[in-house]
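Asker: This is the structure, below, for whatever I ask next.
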Amino acid sequence: MNKRLSFLTAVGFLLLAISSFGQTDSLVAGEGFVEVTGGKVWYKIVGGGSSIPLLILHGGNGVSSIYLKPLEALADQRPVVFFDQLGCGNSPGPSDTSLWTIEKFVEQIAAVRKALNLKEIHLYGHSWGTMLATDYMLSEPAGVRSLVLASPVLSIERYIQDKVKLLETLPDSISKVIKKNELEGTLDSPDYMPAMMVFLGRFFARKQPWSDELNQTFATMNHSMGVYMFGSYNFRSTGSLAGYNRTDRLSEINLPTLLITGEYDISTPATAKYYQSLIPGAELVIIENAGHLTMQDNAEADIKAIRDFLDKLEKK
C-alpha cells in the first residue's frame, strides 16, 4: 500500500511539473500583501490555467481596482492578478506626497512581479494605469509578452482637450453650468454635480444603474491623492501630472500592443488612433456603446477583444 501511495505521489508531481513547464511558477488563487516603499500593497489572484498571467493596473488617481472586476472573466484561461496601488483601496498608505509619483507607482509593478515570481506576463493598464504601463515598459523590463492600453491617457494635455470638446456636445443647460463652476472654482455648488453626472453618464460610464463595484470605487476613493496628482478640476489639470506626455517615446514600445477605447470614451477613438499610429504594429479595438469604462459598459465586447488578442499571440 505504501509503495502504491509513493507511486501515485510521484506521478502527481510529474504531472504538475509537466503542466508548469515553460510557465511562470504556479500561482495560487487568493489574496495577500507585498512590501513596497512606504507600506504594503494588496493583491488578488483570480483563476488559473496554463496560459501566461495577466497583470492589471487600475486607473485613478486614488481609486481601487474593484471597478475592473469584469476582467475576472479572463481567469478561465490564465491567472489574472489585480493589485491596489499604495494609498488606494485595500492598500492604505501614508499621506506622503513623495510617494505619489509615477516613479514610485512604477516601482510597485516591479515589486509585485518579484514577490509573486511573475517571470512572464501580459500587462494591462486602464486610464491612469496606461501611464504606469507605458513608463514601466520604457524601463525595458524583461518577460512582458504584450501590452494592453485601455482608454489610454498618454498626454494629459490631449486628454483635457478631448474632455472640453466632449463637454461642448452637451446641451447648453448642462455645459454652461459646468463651465461656470469650473471657472469660478465653485465645484461644491449644488448645481455642479448633477450637471457633471450627465457628462459622466455620457462619456465615463454609460450603463445604468452603475454597478455596485463602480459605486464602491467612488465611495472609497483617496481624494487627496486625486487632487494632488490630477487636480481639483475636471476640465483642467493643476496636479503633479499636468505635464505628462509620452507621445514622443511611444515608438520605443517594441512588443505586441492592443489599444482599446470606447465609442463615447473620454479617451476618444480619434486620440486612440493617434496613439496607435505612434506604436509600431499596434492594434486598436473600439468598443461600441461604451464610455471610459469599457469593461463596465460593454463587458462582453471588452473581454472578447482582450481574449482574442492574447489567444492570437499565444498560438504563434
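Asker: How much of the DSSP beta bridge set in the range 28-174 is antiparallel, as a percent to the nearest 5?
Answerer: Looking only at bridges with both residues in the range 28-174, the antiparallel portion is about 50 percent.
Asker: Tell me, Asp96, Asp265, Asp297, Asp172 in order of fewest to most beta-carbon neighbours within 10 Å?
Answerer: Asp172, Asp96, Asp297, Asp265
Asker: Step through the residues of the range 307-316 one at a time and calculate ³J(HN,Hα) from phi using the Karplus curve (6.51 cos²θ - 1.76 cosθ + 1.60, θ = phi - 60°), rounding each to whole Hz and writing x for Gly and Pro.
Answerer: 4, 4, 4, 5, 4, 4, 5, 7, 8, 5
Asker: Where a ≥ b ≥ c are the square roots of the eigenvalues of the C-alpha gyration tensor, would you call the range 89-197 rounded, which needs a/c under 1.5, or, failing that, prolate if a/b is larger than b/c, or oblate?
Answerer: Taking the square roots of the gyration eigenvalues as a ≥ b ≥ c, the range 89-197 is prolate.
Asker: With viscosity set to 1.002 mPa s and temperature to 20 °C, compute the Stokes-Einstein D of the range 166-273, Rh being the Kirkwood radius across alpha carbon pairs; µm²/s, no decimals.
Answerer: Calculated translational D: 132 µm²/s.
Asker: Within the chain, what percent of beta bridges assigned by DSSP are antiparallel, to the nearest 5?
Answerer: Rounded to the nearest five, the antiparallel share is 40 percent.
Asker: Let me ask something else. So how much slack lies between Asn215 and Gln161, counting 0.36 nm per residue of separation and subtracting their Cα-Cα distance, in nm?
Answerer: Gain on stretching Asn215 to Gln161: 16.8 nm.
Asker: Mind ranking 138-148, 285-295 by how tightly packed they are, going by the mean number of other C-beta atoms within 10 angstrom, highest first?
Answerer: 285-295, 138-148
Asker: For labels at Asn254 and Asp188 in the simple 7 Å Cα→Cβ model, what's the distance in nm?
Answerer: Result for the modelled spin labels: 5.3 nm.
Asker: Counting only the backbone N, which residues of the range 52-81 are under 13 Å from the spot 7 Å out from the Cα of Glu31 toward its beta-carbon?
Answerer: Once the point is set 7 Å along Cα→Cβ of Glu31, 65-66 turn out to lie under 13 Å by backbone N, inside the range 52-81.
Asker: Also: Cα atoms only, the chain: Rg and Dmax in Å?
Answerer: Spelled out, the Cα radius of gyration and Dmax of the chain are 20.8, 82 Å.
Asker: Helix-derived [θ] at 222 nm for the chain: sum -39500 (n - 2.57) over DSSP H runs of at least 4, divide by residue count, nearest 500?
Answerer: After summing the helix terms and dividing by the residues of the chain, the value is -12500 deg cm²/dmol.
Asker: Strictly over 24 Å apart at the Cα level, which of Lys163/Lys273; Lys207/Lys312; Lys44/Lys316; Lys165/Lys207; Lys44/Lys273; Lys119/Lys312 would you flag in this model?
Answerer: Lys207/Lys312; Lys44/Lys316; Lys44/Lys273, as the Cα separations exceed 24 Å there.
Coordinate-derived values only; no laboratory data. Quick caveat, the model's predicted, so the values are computed rather than measured. So basically every Cβ, Gly included, is an ideal-geometry build from the backbone, and we count neighbours across all protein chains shown.
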